[in-house]
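First up is the structure itself, then whatever we jot down about it.
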Amino acid sequence: MVDFEFLEHTADIAVRVYAPSMEDLFIGSAKVMFGIITDYESSSVKKRNIYLEAKSCEDLLVYWLNELLSLFYSYNFLPYAYNIKIGKKTTKEKKYFLKGEVEGEIVPSPEVKTEVKAATYHDIKIEKNHDRFKVDIVFDV
């Protein structure tokens, strides 16, 4: 189960997301972000494959959220369901990767209640405490 809370921030929107796994943390962060953007509930119609690489899990999370924002603002693609896997390459560079499929709907004129411009790197750090993961994310609005 994914849980979140809003944090105080002077100019942007900050949230703290909790989840039992890294994949759930990424999915929960995406759901929170789209909950900030719109109240529209998408239904599963179209599928998009996603593959990303980064040097850290934090970088990967920012890439993931910004990739989803790009799909939303460029193609009006509103995600509904996520099937992703996060792993670590065993190469010398020790890169992390995310691969998977996102299901959603093309919404011709999505009603935007708050425009999120980007997920930022501001104080982002993924932590694991006991049996769950936690991250603080700041969205540029």
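In segment 80-91, the residues that are more than 14 Å from LEU52 (Cα to Cα) never reach a residue that is surrounded by 12 or more Cβ atoms within 10 Å (Cβ to Cβ) and of a type in the set (Lys, Arg) with C-beta atoms less than 7 angstrom apart, at least six apart or across chains.
What are the pairs, 6+ residues apart or on separate chains, where a residue within segment 28-42 that is of a type in the set (Ser, Thr, Tyr) has its Cβ under 8 Å from a residue that is in a loop (DSSP other than H, G, I, E, B) and surrounded by fewer than 21 Cβ atoms within 10 Å (Cβ to Cβ)? Short answer, once both residue conditions are applied: THR38/PRO110; THR38/GLU111; THR38/VAL112; THR38/LYS113; TYR40/VAL107; TYR40/PRO110; TYR40/GLU111; SER42/VAL107. Restricting attention to segment 113-141, the residues being in a loop (DSSP other than H, G, I, E, B), over 21 Å from TYR82 (Cα atoms) and not polar (S, T, N, Q) number 11.
Can you name every residue in segment 77-88 that is buried (at least 18 other Cβ atoms within 10 Å of the Cβ) and of a type outside the set (A, V, I, L, M)? PHE77, PRO79, TYR82 - these are the residues of segment 77-88 that are buried (at least 18 other Cβ atoms within 10 Å of the Cβ) and of a type outside the set (A, V, I, L, M). Quick check, is LYS134 closer than 20 Å to ALA19 by Cα, surrounded by 12 or more Cβ atoms within 10 Å (Cβ to Cβ) and in contact (Cβ under 8 Å) with a residue 24 or more places away in the chain? It is true that LYS134 is closer than 20 Å to ALA19 by Cα, surrounded by 12 or more Cβ atoms within 10 Å (Cβ to Cβ) and in contact (Cβ under 8 Å) with a residue 24 or more places away in the chain. Here TYR75, TYR80, TYR40 are screened, and the one residue that is farther than 18 Å from LYS125 by Cβ, in contact with a Pro (Cβ under 7 Å, 6 or more places away or on another chain) and hydroxyl-bearing (Ser, Thr, Tyr) is TYR40. When THR91 is tested against (1) surrounded by fewer than 18 Cβ atoms within 10 Å (Cβ to Cβ); (2) in contact with a strand residue (DSSP E or B) (Cβ under 9 Å, 6 or more places away or on another chain); (3) more than 13 Å from VAL135 (Cα to Cα), exactly one condition is not met: (2).
Bear in mind that the values in this text are calculations on the coordinates, not laboratory data. The model shown is predicted, which means the values in this text are computed figures rather than measured ones. Note that each Cβ is placed from the backbone with ideal geometry, even for glycine, and that neighbours are counted across all protein chains shown.
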